[in-house]
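Laboratory data are not the source of any read-out in this text; all were calculated from the coordinates shown. As the structure is a computational prediction, the values presented were derived from the model and not from experiment. Cβ sites come from the backbone with ideal geometry, for glycine too, and all protein chains shown count toward neighbours.
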């Protein structure tokens with residue numbers, strides 16, 4: 001295993017053990033939730049998103065879940081990314097949709113499209129998951145939940 005793979009494994013384990021954004025916030029304002037389940041391995045994620053009054057910016061993202069370290073770390077990394085990219089003003093909805101689309105494309109690429117660290121921060125550590133088709137759904141679960149919640153908000 002090379003140094004980068006080792007660092008990525010450590011990031012995944014750290015996010016799994018010390019998750020960011022875990023614990024569903026109360027529904028307030030314009031919010032929506034989505035529950036996603038992976039029947040192949042039993043992973044569960046419930047994600048709640050709150051958008052501003054115009055519905056254009058994500059102002060809060062929280063989640064609760066159980067499952068493998070990849071699904072839990074991915075949810076944590078997504079929550080951190082939304083918070084970091086959104087800052088105090090919140091992440092624009094269109095930016096979140098673009099991130100989801102690019103994440104999906106990379107994870108379906110079987111390793112040919114790596115996730116850019118500058119764009120995806122710690123979530124770039126999930127690039128290697130794309131080589132294991134059985135684990136792609138684990139990594140995608142929270143991202144699909146965000147996509148669904150945004151469609152409802």
Calculate how steeply helix 93-107 sits against the longest principal axis of the alpha-carbon atoms of the chain, using the helix alpha-carbon long axis, and give the answer as 0 to 90 degrees to the nearest 10. 20
Specify, per residue and in Å³, the volume enclosed by the convex hull of the alpha carbon atoms belonging to the range 1-104. 115
The range 97-153-the range 52-70 distance, computed between alpha-carbon centres (Å): 15
Please find the FRET efficiency linking residue 17 to residue 53, where r is the Cβ-Cβ separation and R0 is fixed at 41 Å, and quote it to the nearest 0.05. 0.65
Taking the beta-carbon count within 10 Å as an exposure proxy, list 120, 132 from fewest neighbours to most. 132, 120
I need 40, 140 ordered by Cβ neighbour count within 10 Å, fewest first. 40, 140
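Using only Cα atoms, figure out Rg for the range 39-153 and give it as a multiple of 2.2 N^0.38 Å.
Computed over Cα atoms of the range 39-153, the ratio equals 1.00.
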By count of other Cβ within 10 Å, fewest leading, how are 129, 97, 144 ordered? 97, 144, 129
So the FRET efficiency between residue 109 and residue 89, C-beta based with R0 = 30 Å and rounded to 0.05, is 0.40
Testing the spin-label approximation: label points 7 Å from Cα along Cα→Cβ at residue 151 and residue 40. State their distance in nm. 2.0
Send over the Kirkwood Rh of the range 95-137, from the inverse of the averaged 1/r over different Cα pairs, rounded to one decimal Å. 10.1
